[in-house]
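In what follows, a structure is listed as structure tokens, so that the remarks can point back to it.
Each value in this text was obtained by applying a stated rule to the coordinates, not by laboratory testing. Keep in mind that what you see is a predicted model, and the values were worked out from it rather than measured. All Cβ positions, even for glycine, are placed from backbone atoms using ideal geometry, and neighbour counts span all protein chains on display.
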Amino acid sequence: MSERVGAEVWLKLEGANPTGSFKDRGMTCAVSAAVREGAEAVICASTGNTAASAAAYAARAGLTGAVIVPEGKIATGKLAQALMHGARVIALRGNFDEALALVRELAQRHPIALVNSVNAFRLEGQKTAAFELVDELGELDALCIPVGNAGNITAYWKGFEESGVRPRMLGWQAEGAAPLVHGAPVEQPETVASAIRIGNPARWEEAMGAMAASHGAIRAVSDAEILDAYRFLAAHEGVFCEPASAAGVAGLLKHGAEDAGRVVCVLTGHGLKDPQTALARAGSVVPCEPDLPAVEQAVLG
Ligand code: F0G
């Protein structure tokens with residue numbers, strides 16, 4: 001990455017968290033707070049990762065977990081996680097934005113804790129990623145981060161401000177789901193990066209505030225650019241992230257580092273979350289008979 005971009009580029013691997021995405025940082029706080037407040041259940045709308053994380057932390061806390069996901073639009077690994085952790089998984093015939101509006105209402109009517117990033121505890125947990133960067137690197141000039149519901153960019157900026165380090169916040173949306181770039185909600189968001197298939201981010205104002213205060217930018221990258229970056233990371237860096245996570249890298253590869261000397265790209269979720277996209281975009285396996293000449297041919301040929 002660094003050679004190609006002409007800057008010192010660091011990748012922050014959030015796929016190494018317990019459920020394979022950055023969501024765990026905030027979810028452990030939000031679920032702990034829910035327990036303290038006496039909640040018996042937690043709920044969220046999700047494009048998949050929040051659901052997997054909420055389900056896991058709810059299971060550990062002995063709470064009922066319910067997750068509402070857009071039907072047919074979440075990656076297989078995330079669905080498997082939510083189901084394995086025993087959450088009630090509701091497949092909504094609608095998109096993430098509709099799901100979020102519904103869970104917000106539901107949480108007002110019933111004693112159920114809402115654990116989407118509209119919950120302040122989520123941001124408090126997630127800002128620790130910025131603290132880690134400051135601890136490890138001291139200074140950095142820019143942060144490239146994918147933006148969906150805009151909680152994470154908000155949390156990072158909060159963490160940086162509290163640390164007194166102010167990198168430029170470069171947020172990246174998928175072209176078909178880029179409300180912050182267009183300045184208006186997108187009714188029917190579409191992108192291969194299903195995690196950020198969001199048309200009306202809850203943390204809209206905060207994300208724009210972080211961008212302005214840090215002299216950063218929020219821009220869009222195409223699905224093709226996202227997939228190129230996704231493959232590049234796997235093939236050249238040995239890092240397998242999910243497609244949405246590659247949006248920041250796609251942006252950096254497209255726009256360059258400009259005058260930044262040290263840039264961090266946040267890889268928000270693990271590639272194993274979405275095996276179907278990987279298998280559809282990667283090379284195919286080589287079938288082989290179990291004898292030496294055949295294996296020689298298969299390996300060397
Ligand atoms: N990357 C991944 C892998 C995500 O799952 C998400 C959000 C983002 C980036 C964007 O973060 O929403 O804070 O701007 N996923 C949410 C979910 C919406 O339901 O799992 P954001």
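Residues that are in a helix (DSSP H, G or I) and either within 9 Å of the ligand (Cβ to nearest atom) or touching a residue at least 24 places away in the same chain (Cβ under 8 Å) (or both): does region 162-171 have at least one? Spell out the reasoning first.
To start, the set of residues in region 162-171 that are in a helix (DSSP H, G or I) comprises 162-163.
Retained after the next criterion (residues that are either within 9 Å of the ligand (Cβ to nearest atom) or touching a residue at least 24 places away in the same chain (Cβ under 8 Å) (or both)): 162-163.
Yes, the conditions are met somewhere in region 162-171.
Take the conditions assigned to a helix (DSSP H, G or I) and of a type in the set (Ser, Thr, Tyr) and apply them to residue 191. Does it pass?
Details: assigned to a helix (DSSP H, G or I): no; of a type in the set (Ser, Thr, Tyr): yes.
Considered against the rule, which asks whether it is assigned to a helix (DSSP H, G or I) and of a type in the set (Ser, Thr, Tyr), residue 191 comes out as no.
How many residues does region 201-239 contain that are surrounded by 19 or more Cβ atoms within 10 Å (Cβ to Cβ) and in contact (Cβ under 8 Å) with a residue 60 or more places away in the chain?
So the count comes out to 7.
Looking only at region 127-156, filter to residues that are polar (S, T, N, Q) and closer than 27 Å to residue 225 by Cα; which one of those is farthest from the ligand (Cβ to nearest atom)?
Residues of region 127-156 polar (S, T, N, Q): 128, 149, 152, 154.
Those still in the list that are closer than 27 Å to residue 225 by Cα too: 149, 152, 154.
Details: 149: 3, 152: 3, 154: 7 Å.
Checked region 127-156; the qualifying residue farthest from the ligand (Cβ to nearest atom) is 154.
Restricting region 264-290 to residues that are part of a loop (DSSP other than H, G, I, E, B) and among the small types (Gly, Ala, Ser), which is nearest to residue 13 (Cα to Cα)? Steps first, answer last, please.
First pass over region 264-290, keeping only residues part of a loop (DSSP other than H, G, I, E, B): 268, 274, 282-290.
Add one more test, that the residue is among the small types (Gly, Ala, Ser), and what stays is 282-284.
On the way: 282: 21, 283: 24, 284: 27 Å.
Restricting to residues being part of a loop (DSSP other than H, G, I, E, B) and among the small types (Gly, Ala, Ser), the top hit is 282.
Whether any residue in region 114-132 is assigned to a helix (DSSP H, G or I), basic (Lys, Arg) and in contact with a helix residue (DSSP H, G or I) (Cβ under 8 Å, 6 or more places away or on another chain) is what I want to check. Let's see the steps before the verdict.
The initial filter retains those residues of region 114-132 that are assigned to a helix (DSSP H, G or I), namely 120-126, 128-132.
Those still in the list that are basic (Lys, Arg) too: 122.
From what is left, the residues that are in contact with a helix residue (DSSP H, G or I) (Cβ under 8 Å, 6 or more places away or on another chain) are 122.
Taking every residue of region 114-132 in turn, at least one turns out to be assigned to a helix (DSSP H, G or I), basic (Lys, Arg) and in contact with a helix residue (DSSP H, G or I) (Cβ under 8 Å, 6 or more places away or on another chain).
Yes/no matrix, rows are residues, columns are (1) more than 10 Å from the ligand (Cβ to nearest atom); (2) crowded, with 24+ Cβ neighbours inside 10 Å; (3) assigned to a helix (DSSP H, G or I); (4) on the phi < 0 side of the Ramachandran plot:
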site: 51; (1), (2), (3), (4): no, yes, yes, yes
site: 55; (1), (2), (3), (4): yes, yes, yes, yes
site: 74; (1), (2), (3), (4): no, yes, no, yes
site: 79; (1), (2), (3), (4): yes, no, yes, yes
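Residue 244: assigned to a helix (DSSP H, G or I), free of Cβ contacts under 8 Å to residues at least 60 places away in the same chain and of a type in the set (Gly, Ala, Ser), yes or no? Working first, answer last.
Values: assigned to a helix (DSSP H, G or I): yes; free of Cβ contacts under 8 Å to residues at least 60 places away in the same chain: no; of a type in the set (Gly, Ala, Ser): yes.
No.
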